[in-house]
Amino acid sequence: MCWRSGLRLQAVEPGVIDKRFEREYGCTETEWLRWLPGAVREQGLSRSATGQARIAVGGGALRLCWTVLLPRQIAMIRMPRMAVSFVFDEVDDAARADFMRYFDLYMQRGGG
């Protein structure tokens, strides 16, 4: 299933989260690292290398990899950006949906 733009939807059915997907966040790496422990409820968070983390989720794990992108500029506004890759290993559908529901609410900043 795709948006009209042709981009693939991340979830085919409501509440179903793919095992691997990518997102773009409008924040700096410093902000991301400050928010990450709260977003994962500090459950088994370990940073293995620069731009990588592993989080215990259910009976499996989530691997996060992030890269700082060039800022997005609209007129005089410059917005920091990061590309983040999510890969769930051995995490069932319900646990992925529950984890991402909390993660998304915690990472939501301003706006709508």
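The values are calculated or read from the model by the stated rules, or taken from the named source; none is laboratory data. Bear in mind the structure is a predicted one, so any value in this text is a computation, not a measurement. As a convention, Cβ positions derive from the backbone with ideal geometry for all residues, glycine included, and neighbour counts pool all protein chains shown.
Yes/no matrix, rows are residues, columns are (1) surrounded by 15 or more Cβ atoms within 10 Å (Cβ to Cβ); (2) touching a Cys at 6+ places or on another chain (Cβ under 6 Å); (3) under 22 Å from G26 (Cα atoms); (4) of a type in the set (D, E):
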site: G59; (1), (2), (3), (4): no, no, no, no
site: L62; (1), (2), (3), (4): yes, no, yes, no
site: L70; (1), (2), (3), (4): no, no, yes, no
site: I77; (1), (2), (3), (4): no, no, yes, no
site: S85; (1), (2), (3), (4): yes, yes, yes, no
site: E90; (1), (2), (3), (4): no, no, no, yes
site: A94; (1), (2), (3), (4): no, no, no, no
site: F99; (1), (2), (3), (4): yes, no, yes, no
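Any residue in the stretch 24-37 that is under 16 Å from the mean Cα position of the chain (by Cα), more than 19 Å from A94 (Cα to Cα), part of a strand (DSSP E or B) and modelled with pLDDT of 90 or more?
Yes.
Restricting attention to the stretch 38-65, and to residues there that are among the hydrophobic types (A, V, I, L, M, F, W, C) and either in contact with a His (Cβ under 9 Å, 6 or more places away or on another chain) or part of a loop (DSSP other than H, G, I, E, B) (or both), which single residue is modelled with the highest pLDDT?
Taking the candidates together, the pick is V40.
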Task: Residue count, the stretch 49-101 (criterion: without any contact (Cβ under 8 Å) to a residue 24 or more places away in the chain, more than 14 Å from the chain's Cα centre (by Cα) and under 19 Å from E22 (Cβ atoms)) - done: 4
TODO: With respect to R109, determine if the residue is within 11 Å of Y25 (Cβ to Cβ), of a type in the set (K, R) and surrounded by fewer than 12 Cβ atoms within 10 Å (Cβ to Cβ).
DONE: yes
